[in-house]
Ligand SMILES: CSC[C@@H](O)[C@@H](O)C(=O)COP(=O)(O)O
Ligand SMILES: [Zn+2]
């Protein structure tokens, strides 16, 4: 960690949770070729986030940086850091954010890009998302066109999430790219990532048989 030594002690649990989430997600094949970026909240104003281009499945503390939510970002930080920071600023309950390149998310994003949303309804596994108590809810998973300007993309995502009607799943898709999911902590965020992947498998099979 080259930054914010005073936060090293406070950041230790967040660092450990990011390393563990990366290990688990990579084992599922969701972080190929250094893709993905992972973060966890340290306190109300600071998060740890992966540096750019690192192998997210074999992270060490040197692969992470502590950043303040209102700070100018260090140059070697994840190219997609603005998407993380904007989410933490928008929702203080978010404790961890995971971005993965699971193939089903990239595919489902392309399939539903024109609609701008993928609807999940009727799946028992929807209850794996925090606060969901029934298969009967209709959960909205917003879908955005992919973009390389992640500052502008983050603004677009946050404006959209703030205005979304109905029940939102704890995540969104980037068409042809992957998914962002969040939770109150790393374990919950990983459970959401796992649930989203399983739900996308079900949804894909459903769309191809009905
Ligand atoms: C290695 S291709 C994927 C990247 O372009 C990007 O989408 C990604 O997920 C990882 O970017 P990073 O800057 O390492 O956080
Ligand atoms: Zn990515």
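The packing ranking, built from the mean of other Cβ atoms within 10 Å per residue, places the peptides 178-190, 9-21 in the order 178-190, 9-21, highest first. If the chain linking residue 158 and residue 8 were pulled fully straight, counting 0.36 nm for each residue of separation and taking away their Cα-Cα distance, it would gain 51.0 nm.
Which order, highest average first, do 130-136, 72-78 follow once you tally other Cβ atoms within 10 Å for each residue and take the mean per peptide? Intermediate values should be presented prior to the final figure.
Details: 130-136: 11.3, 72-78: 14.6.
Ranking, from highest mean packing down: 72-78, 130-136.
When the helices of the chain are scored as -39500 (n - 2.57) per DSSP H run of n ≥ 4 and the total is divided over every residue, the value at 222 nm lands at -12500 deg cm²/dmol. Of the two radii for the range 96-175, the radius of gyration is 0.96 times the Kirkwood radius, both from the alpha carbons; that is the Rg over Rh value. In this simple spin-label approximation, residue 71 and residue 138 carry label points 7 Å from Cα along the Cα→Cβ vector, and these lie 4.3 nm apart. The label point for residue 168 and the one for residue 16, both projected 7 Å from the Cα toward the Cβ, are 3.1 nm apart.
In a Gaussian network model over the chain where Cα atoms closer than 10 Å are linked, find which of 166, 36, 176 has the largest mean-square fluctuation. Among 166, 36, 176, the largest mean-square fluctuation in the Gaussian network model of the chain belongs to 166.
The simple Förster model, with R0 at 30 Å and r as the Cβ-Cβ distance, assigns residue 128 and residue 207 a FRET efficiency of 0.90.
Share of Cα-Cα pairs in the chain beyond 22 Å, in percent?
Working: 9845 of 21945 pairs.
Tail of the P(r) past 22 Å holds 45 percent of the pairs.
Note on the range 1-97: Cα-only Rg and Dmax are 12.2, 35 Å.
Please state the equivalent ellipsoid semi-axes for the range 66-137: what are the square roots of 5 times the Cα gyration tensor eigenvalues, largest first, in whole Å? Display every interim value, and only then the final one.
On the way: eigenvalues 168, 64, 22 Å².
They are 29, 18, 11 Å, listed from largest to smallest.
Indicate, rounded to the nearest 5 percent, the antiparallel portion of the DSSP beta bridges found entirely in the chain.
Details: 28 of 32 bridges.
Counting only bridges with both partners in the chain, antiparallel ones make up about 90 percent.
Distances between every pair of Cα atoms in the range 153-210, grouped in 5 Å steps from 0 to the bin holding the largest one, split as 4, 15, 21, 23, 22, 10, 4, 0 percent.
The range 84-112 and the range 25-60 have their alpha-carbon centroids 12 Å apart.
Bear in mind that the values in this text are calculations on the coordinates, not laboratory data. Since the model is a prediction, treat every value here as computed from it, not as a measurement. Glycine gets a Cβ as well: all are built from the backbone with ideal geometry, and neighbour counts include every protein chain shown.
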